Amino acid sequence: MQTILVLFGGCSTEYEVSLQSVHGVLQALDRSRFTPLTVGITREGRWLRYPGGLSHLETGDWQAQPDCVPCTLSLDRGDRRLLWLDGSGRSEGFDAAFPILHGKNGEDGTVQGLLELVGTPIIGCGALSSALCMDKDRAHKLAALAGVRVPRSRLFRRGAVLPQMARAAEELGYPLFVKPVRAGSSFGVSRVNTPDQLPAAVWSAFAHDREILLEEAVPGFEVGCAVLGSDELTVGAVDEIQLSQGFFDYTEKYNLITSRIYCPARISPEKAAEIQETAKTVYRALDCRVFARVDLFLTPWGEIVFNEVNTIPGFTAHSRYPGMMKAAGWDFGDLVSRLIELGVES
């Protein structure tokens, strides 16, 4: 029986999504093989040992439960112990850590770096790949070096003047997207159709990061591919996002109001296989391990263009990664067990 430190919540705009994801993972966890040691991180960054049930994760009031205990990790390398900070001197050992944290301060290499520092096996990508995949500009540069087509874009740092960005926008052409370089779930992302919309989009993106991208709008539609493994890679079925309006923003990703996800995608088997190979190329180029979801665009003329990698994709009812793996024959419970096995082995 292995004890798995499960981290959820976090100082992130995607805090609520993490609660939904950890609920799904804990519900699917094989308790005959794995014992969860659940630790929630509040919005303010407080670590709490949470031994409670799943219902309070759904309602969001988990941190208000009386059995929560302040805690921290032992920083002695190889110790792999959770220390209670209630004055009792109690500690609990664990074998590996499963961060189910989305966005900043959880998916960007920060927590992964801490876990690597103390010598804890991570169920998911490490610090380097997590940081690279969160950084859209640098991820695109590495994918391009690996031979994968990426969107044309321009990088701007906080303090850049609007006329300079307006000129870059004209060169890229409208419509275009304005994005924070490091943010998840499309927070701060705007589709800009006309020059008068640019200032508000820039302001919104800079609210989430010190660097932003102006990026061409790639024609076609978004496709994704779930990748599983570290040395030998397994891929899920390719999915397709159909949008009736706008783009796949936070609201659409978690509510599917005007959009629909087709899995498998409505494309030829040959094109799906090409997308899967492209996803594996990007996965390796960005040093991913255990699991990640690679998102791409498919243009009307059949060209595959890299979009981004999610190193901790959602595990909610509508989440794409479990759906793609299910279409490839993986039951959710078996998938969670395999993720843990890979994380412990790597």
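The values are calculated or read from the model by the stated rules, or taken from the named source; none is laboratory data. A quick note: this is a predicted structure, and the numbers were derived from the prediction, not measured. Virtual Cβ from ideal backbone geometry, glycine too; neighbours counted across all protein chains shown. These accessible areas exclude ligands, DNA and RNA; they are computed on the full protein's heavy atoms, side chains included. Shrake-Rupley method; radii C 1.70, N 1.55, O 1.52, S 1.80 Å.
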**Request:** Could you tell me whether region 7-27 includes any residue that is open to solvent by 20 Å² or more (accessible area, probe 1.4 Å), touching a Phe, Trp or Tyr at 6+ places or on another chain (Cβ under 6 Å) and modelled with pLDDT of 95 or more?
**Result:** no
**Complete:** Flagged in region 81-104 as surrounded by 17 or more Cβ atoms within 10 Å (Cβ to Cβ) and either touching a helix residue (DSSP H, G or I) at 6+ places or on another chain (Cβ under 8 Å) or not in a strand (DSSP E or B) (or both), in numbering order, are F94, D95, A96, A97, F98, P99, I100, L101, H102, G103, K104
**Item:** Number of positions in region 321-334 that are touching a Lys or Arg at 6+ places or on another chain (Cβ under 8 Å) and open to solvent by less than 20 Å² (accessible area, probe 1.4 Å)
**Value:** 2
**Complete:** Only unsatisfied item for S74, checking (1) open to solvent by 30 Å² or more (accessible area, probe 1.4 Å); (2) under 17 Å from R46 (Cα atoms), is (1)
**Request:** Say whether the condition of being touching a Gly at 6+ places or on another chain (Cβ under 6 Å), among the β-branched types (V, I, T) and either surrounded by fewer than 11 Cβ atoms within 10 Å (Cβ to Cβ) or touching a residue at least 60 places away in the same chain (Cβ under 8 Å) (or both) is met by at least one residue in region 40-59.
**Result:** yes
**Asked** Taking the stated definitions as given, is A273 of a type in the set (A, V, I, L, M), outside any loop (DSSP other than H, G, I, E, B) and without any contact (Cβ under 8 Å) to a residue 12 or more places away in the chain?
**Response** yes
**Conditions (1) open to solvent by less than 30 Å² (accessible area, probe 1.4 Å); (2) under 24 Å from E345 (Cβ atoms); (3) in contact with a strand residue (DSSP E or B) (Cβ under 9 Å, 6 or more places away or on another chain); (4) among the aliphatic types (A, V, I, L, M); number of the one not met by L114** = (1)
**Item:** strands (runs of 3 or more DSSP E) completely within region 105-215 that count 3 or more residues being of a type outside the set (D, E, K, R)
**Value:** 153-157, 176-180
**Message:** Let me confirm something: among A217, A166, A200, A207, which residue is more than 23 Å from T13 (Cβ to Cβ) and open to solvent by 30 Å² or more (accessible area, probe 1.4 Å)?
**Reply:** A166
**Asked** Of the residues A127, A146, which is under 15 Å from the mean Cα position of the chain (by Cα) and at pLDDT 95 or above?
**Response** A127
**Message:** Which numbered condition in (1) among the hydrophobic types (A, V, I, L, M, F, W, C); (2) closer than 16 Å to P121 by Cα; (3) open to solvent by 30 Å² or more (accessible area, probe 1.4 Å) is the only one that I340 fails?
**Reply:** (3)
**Prompt:** With respect to the numbered conditions (1) at positive phi; (2) open to solvent by 40 Å² or more (accessible area, probe 1.4 Å), which one is the sole condition not fulfilled by S268?
**Reply:** (1)
**Request:** Name the one entry in I241, I257, I267 that is at pLDDT below 95 and either over 20 Å from F315 (Cα atoms) or assigned to a strand (DSSP E or B) (or both).
**Result:** I241
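Yes/no per residue for (1) within 27 Å of Q112 (Cβ to Cβ); (2) crowded, with 20+ Cβ neighbours inside 10 Å:
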| residue | (1), (2) |
| --- | --- |
| A273 | no, no |
| A279 | yes, yes |
| R284 | yes, no |
| A292 | yes, yes |
| G302 | no, no |
| F315 | yes, yes |
| H318 | yes, no |
**Message:** Given (1) open to solvent by less than 50 Å² (accessible area, probe 1.4 Å); (2) under 23 Å from G109 (Cα atoms); (3) modelled with pLDDT under 80, identify the lone condition not met by I212.
**Reply:** (3)
**Request:** Kindly indicate whether R182 is buried (at least 17 other Cβ atoms within 10 Å of the Cβ), closer than 27 Å to S129 by Cα and either of a type outside the set (A, V, I, L, M) or in contact with a Pro (Cβ under 7 Å, 6 or more places away or on another chain) (or both).
**Result:** yes
